[in-house]
Amino acid sequence: MKCHPDILLAYCDALSGVAVVVLDTKGLITSCNQAFLRLLSAAADQDKHISGQPLERWLTLDGSSDWLCFEPADTLGTRLFSARLVSDIAGVPYTGVAIRYQSEQAFFIQRNLQQDVDVLDKITGLNMEISTLARDLSRKNNELSRANKQISLLMDTDPLTGIYNRRYLMPRLEEMVSYARRTAAFTFSLLMLDIDHFKKVNDTYGHAAGDAVLRTLTLLLGKNLRREDILARFGGEEFLVLL
């Protein structure tokens with residue numbers, strides 16, 4: 001993804017203090033940040049006088065002059081360079097990294113090459129950290145989504161028989177009634193049933209046997225219903241089937 005030059009310049013000013021100057025394919029300055037102006041001891045209002053000027057008017061590049069002009073390309077290119085200020089009699093060395101992409105190239109300039117490398121390493125590290133955080137966030141969101149589905153399933157399911165419960169069925173029934181009232185051609189049926197003498201089963205054979213009866217009836221009903229039908233335990237030994 002290509003970063004907008006103004007964002008790039010503001011980032012380097014605010015967070016790294018690295019001098020940045022952006023050039024076009026002819027090696028002419030199109031924009032720069034405040035750190036670059038300070039490097040030239042130029043006031044901020046002189047930025048308009050710097051724009052459109054060749055970079056070599058301000059910096060003497062060692063071994064990189066032939067790289068200032070280039071043909072636009074979509075391939076990202078990087079190159080280390082060293083330079084000296086034209087106005088600096090003492091010839092204090094500067095080093096940096098030039099990054100070229102499409103029709104622009106940006107020069108990141110500092111007095112110490114290692115500092116530039118550290119800055120780029122930090123940027124790379126931050127990007128990797130952001131990518132890791134994004135992956136972690138995506139994973140957490142997926143886990144949260146699965147947890148919410150599991151919670152909804154637990155809340156809507158009868159724990160003994162594994163079928164839907166009354167909480168789930170009643171809203172579906174209300175939806176069916178509402179749709180049937182709006183659509184004349186739509187009809188549905190509701191079947192309600194219970195187990196005769198179920199209390200006698202529990203009293204005679206125990207609640208474990210009663211639970212087995214409930215589960216067995218659930219399996220029997222499920223085998224004889226269509227996929228779109230909804231079977232729910234309404235309470236106790238009572239069942240509802242929405243057809």
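A few points about this structure:
- Hydrodynamic radius of segment 123-239 per Kirkwood, over alpha carbon pairs, in Å: 17.9 Å
- Area accessible to solvent at E237, 1.4 Å probe radius, in Å²: 50 Å²
- Distance in nm between pseudo-label sites at S103 and D203 (7 Å out along the Cβ direction from Cα): 9.3 nm
- Solvent-accessible area per residue, Å², over segment 190-243 with all protein chains present [probe radius 1.4 Å]: 67 Å²
- When nucleic acids and ligands are ignored and a 1.4 Å probe is applied, D158 ends up with an accessible area of around 20 Å².
- Solvent-accessible area of V20 with every protein chain in place, 1.4 Å probe, in Å² to the nearest 10: 0 Å²
- Counting only aspartates and glutamates at least 8 places from K122 when in the same chain, those with an alpha carbon closer than 17 Å to its own are D13.
- For segment 146-243, with all protein chains in place and a probe radius of 1.4 Å, 56% of the accessible heavy-atom surface sits on carbon or sulfur.
- In sequence order, calculated HN-Hα J values of segment 149-161 (Karplus, 6.51, -1.76, 1.60; Hz; x Gly/Pro): 5, 5, 5, 4, 5, 5, 6, 9, 10, 6, x, 7, 9
The values are calculated or read from the model by the stated rules, or taken from the named source; none is laboratory data. This one's a predicted model, so the numbers in the text were calculated from it and none came from an experiment. Methodologically, a virtual Cβ is constructed for each residue, glycine included, from the backbone with ideal geometry; neighbour enumeration extends over all protein chains shown. Remember, those area values only see protein heavy atoms, side chains included, never the ligands or the DNA or RNA. Shrake-Rupley method; radii C 1.70, N 1.55, O 1.52, S 1.80 Å.
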